[in-house]
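The values are calculated or read from the model by the stated rules, or taken from the named source; none is laboratory data. Quantities reported herein were computed from a predicted structural model and do not represent experimental measurements. When we count neighbours, we look across all protein chains shown, and the Cβ atoms used for this are built from the backbone with ideal geometry, even at glycine.
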Amino acid sequence: MTSDILSESPKQFTPPVFLRRNKLDYESTYKSSIENPAEFWATIAEQLLWETKWSKVFEFEPPKHEWFIGAKTNITLNALDRHIVGERRNKVALIWSSESGPENYVTFDRLIRRVSQVANALKSVGVRKGDTVLVFMPNTVEAVYVMLACARIGAIHAVIHEKAGARALKTRVEDLEPKVVFCADASYSEAMHFPMKTVLNSALRTSASVERIVVLRRQSPKLNLTSEREIDFYDFISRQPQFCNPEIVESNHPLFVLYTSSTSGKPKGVVHTHGGYMVGAYYATKMLIDIQDNDVLWNSFHIGSAPGHLFSVYGTLLSGATILMHEGAIDYPNAESFWRRIERHGVNIFVSHPSLLQQLQKHDTELMKKYDNSTLRLMLTTGGALSPSLHEWAQREVVGKIGSVVEMWLQNEIPIPAIGNTLNFPIKVGKVGKALPGAKLEVRSLDGTELPPNQEGLLVLAHPVPYLMKTIWNNQERYNKYWRHIEGCFNTGDMAIQDEHGYFKITGRVDDVMKVSGYRISNAELEATLAEHPVVKEVAIIGLPDANKGEKVRAFVVLKNPFGVANALEAVLRDYVRHELGELVVPDEIEFLSELPREADGSISHATLKAQSQV
């Protein structure tokens, strides 16, 4: 018998405790936020500390948008300082756990001390306001220290995924030109280690901008440091003072750069700012997901992703809650380890990609029942569609009547949820939710016409929000193109359907970019990399639907010598991609062809390959 959770009609899954606490009326709040955005965002911003208040909430002349004009602040004033002067000083801000068992507990007081030491160390080697710092580290407390330290002194950080390959890392270093790079000797997952320092060495061979390489050494025996530029992380900070005054910056001063894939194959550095991002991150955690002072939030995304920045650092700290950060696979060495961790730390909110819930579903549900997960009131997914059957399982078997399973939509360009089911309105299973207050989202045809309900079209932001990206690093013209496709609107690049009740379903990308386990992968970057291998004559990449990852990567390869051993060459090409671009980009399938299909103009027909693959 099919459960009523799978029906198309909206269902209310918000627990009664949410409804009693959250008196927000969605319809009226959304209406007023769109009709008077200045008042809506000012009300939220006034809950935070500003050194100087704004003279005007925003100015908008596409493609330019400025927020909290004239205001001065530093995001760490609100993420750190305002907590240590009150009762949260000795409260745990961050819990770090690992597959092997060790844990680390960091209070707000200790956090600001370590952040200050890193900040003072950066200043001691000449890093100043506006300088750039690259962070190539796994989910560790030290990575959090570095991100906040950069923000503290007005420097700009860019965090790269721990499994990035040498070429991917090299192109980002060349684009950002960082003064300092932080890295770890290795990251750990499923009892295996990924040699991060080896990858960095390869990426930095020709870099001239990097003056200092700070290495977090955790392996035993310790990794030898062989360059004059290298120094151990704790040697770097050990003698530094434990307080550093925050650099007060303009609201629109850059805070960080998020790198994302693009159709050009070149890295695209999305820039976000202190004031706008701060207001958006606080709004998302405090108001959208109703985070409470005594909550523990476990975010399974890597710290370098948009959800990682929001839930593992800025948003949760701005709200004064506790972050649980885990390094490694969530279900290693077995599924019990996940439920044991939920019980041990009393996790209230768990954030993940749907594929992780799929992993948990595959394990025996009886394992879960051995542990107390009654504290878990919210399972929040993003980065891909949550299937109705998986939603049903998580709602019924995991959170039951005391919690909710919800979806949210965000992206690197809009790194705060703009669509979601996190308020107290009914959920439509299979839909990502409604536009959240402040976000005016519309579905348009490719020529710009607003479409009626239930028709697929381009998802656009019809008015900027404070947390919308400011620009593209070193490429304003590339940023301007987001606004040119449909006049006055920001092109998200996603295709969507909105039904008659306002619920959205994201149906894919309009550009040539795949979305694998919540991470965007550029077809062009992967094609260009594979094409440089000596055995490859031509290559085409497509993304195909995948129940676990959202999309899987299939490569079609034409060899220069068609008599090679296919199985051996498949492994060779996978290893090549793994080294150059990283584990996340390795093709799931490689098919060798004698030739690739062509369009009338002679270009490779990706549409034909995709159609043939889906037969």
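In summary, Arg89 fulfils each of the numbered conditions (1) crowded, with 24+ Cβ neighbours inside 10 Å; (2) without any contact (Cβ under 8 Å) to a residue 24 or more places away in the chain with the single exception of condition (1). For the range 184-197, the set of residues classified as free of Cβ contacts under 8 Å to residues at least 40 places away in the same chain and of a type in the set (D, E, K, R) consists of Asp185, Lys197, listed by residue number.
The single condition among (1) in contact (Cβ under 8 Å) with a residue 60 or more places away in the chain; (2) in a helix (DSSP H, G or I); (3) of a type in the set (Asp, Glu) that Glu477 does not satisfy is (1).
When you check Val405 against the structure, is it over 29 Å from Val460 (Cβ atoms) and hydrophobic (A, V, I, L, M, F, W, C), yes or no? It would help to see each step written out before you state the result.
Values: over 29 Å from Val460 (Cβ atoms): no; hydrophobic (A, V, I, L, M, F, W, C): yes.
So Val405 fails the test.
One residue stands out among those in the range 346-363 that are part of a helix (DSSP H, G or I) and farther than 20 Å from His302 by Cα: the one that is modelled with the highest pLDDT, which is Gln361. Set side by side, the residues Phe68, Phe60 differ, and just one is modelled with pLDDT of 95 or more and crowded, with 22+ Cβ neighbours inside 10 Å, which is Phe68. Within the range 519-532, at least one residue is touching a Ser or Thr at 6+ places or on another chain (Cβ under 9 Å) and among the aromatic types (Phe, Trp, Tyr).
Scanning the range 392-424 for residues that are within 27 Å of Cys489 (Cα to Cα) and assigned to a loop (DSSP other than H, G, I, E, B) turns up Leu410, Gln411, Asn412, Glu413, Ile414, Pro415, Ile416, Pro417, Ala418, Asn421, Thr422, Leu423.
Being of a type outside the set (D, E, K, R), in contact (Cβ under 8 Å) with a residue 40 or more places away in the chain and assigned to a loop (DSSP other than H, G, I, E, B) holds for only one residue in Phe236, Phe243, and it is Phe243.
Entry remark, the range 351-389: residues being under 22 Å from Ala306 (Cβ atoms) and hydrophobic (A, V, I, L, M, F, W, C) number 8 in total. Of the strands (runs of 3 or more DSSP E) lying entirely inside the range 253-338, not one carries at least 3 residues that are aromatic (Phe, Trp, Tyr). Residues to consider are Asn90, Asn78; find the one that is of a type outside the set (A, V, I, L, M, F, W, C) and touching a Leu at 6+ places or on another chain (Cβ under 6 Å). None of the others qualify; the one that does is Asn78.
Going through Gly438, Gly448, Gly430 one at a time, which residue ends up being over 25 Å from Glu27 (Cα atoms) and in a loop (DSSP other than H, G, I, E, B)? First the steps, then the outcome.
Values: Gly438 fails: over 25 Å from Glu27 (Cα atoms); Gly430 fails: over 25 Å from Glu27 (Cα atoms).
Sole residue among the options that is over 25 Å from Glu27 (Cα atoms) and in a loop (DSSP other than H, G, I, E, B): Gly448.
Scanning the range 68-116 for residues that are hydrophobic (A, V, I, L, M, F, W, C), over 29 Å from Lys179 (Cα atoms) and part of a loop (DSSP other than H, G, I, E, B) gives a single hit, Val85. When Val516 is tested against the conditions (1) farther than 16 Å from His579 by Cα; (2) out of contact with any Lys or Arg (no Cβ under 6 Å at 6 or more places or on another chain), the lone failure is (2).
Can you find a residue that is over 20 Å from Lys268 (Cβ atoms), buried (at least 21 other Cβ atoms within 10 Å of the Cβ) and either charged (D, E, K, R) or modelled with pLDDT of 95 or more (or both) anywhere in the range 464-483?
yes
Evaluating Glu327 against the criteria (1) modelled with pLDDT under 90; (2) closer than 27 Å to Ile521 by Cα; (3) among the acidic types (Asp, Glu) leaves one unmet condition, (1). Could you please tell me which pairs satisfy a Cβ distance under 7 Å, a separation of 6+ or placement on different chains, a first residue in the range 580-591 that is closer than 14 Å to Ala540 by Cα, and a second residue that is of a type in the set (Asp, Glu)? Within 7 Å, the pairs are Ile590/Glu570. Can you pull out every residue in the range 404-427 that is among the hydrophobic types (A, V, I, L, M, F, W, C), buried (at least 23 other Cβ atoms within 10 Å of the Cβ) and either in contact with a Gly (Cβ under 6 Å, 6 or more places away or on another chain) or under 18 Å from Lys31 (Cα atoms) (or both)? Matches in the range 404-427: Met408, Ile416, Ala418, Ile419.
Is it the case that the range 239-262 has a residue that's at positive phi and under 25 Å from the mean Cα position of the chain (by Cα)? Give the derivation first.
Of the residues in the range 239-262, the ones at positive phi are none.
For the range 239-262, residues at positive phi and under 25 Å from the mean Cα position of the chain (by Cα): absent.
Of everything in the range 198-233 that is free of Cβ contacts under 8 Å to residues at least 40 places away in the same chain and of a type in the set (Lys, Arg), the residue that is surrounded by the fewest Cβ atoms within 10 Å (Cβ to Cβ) is Arg205.
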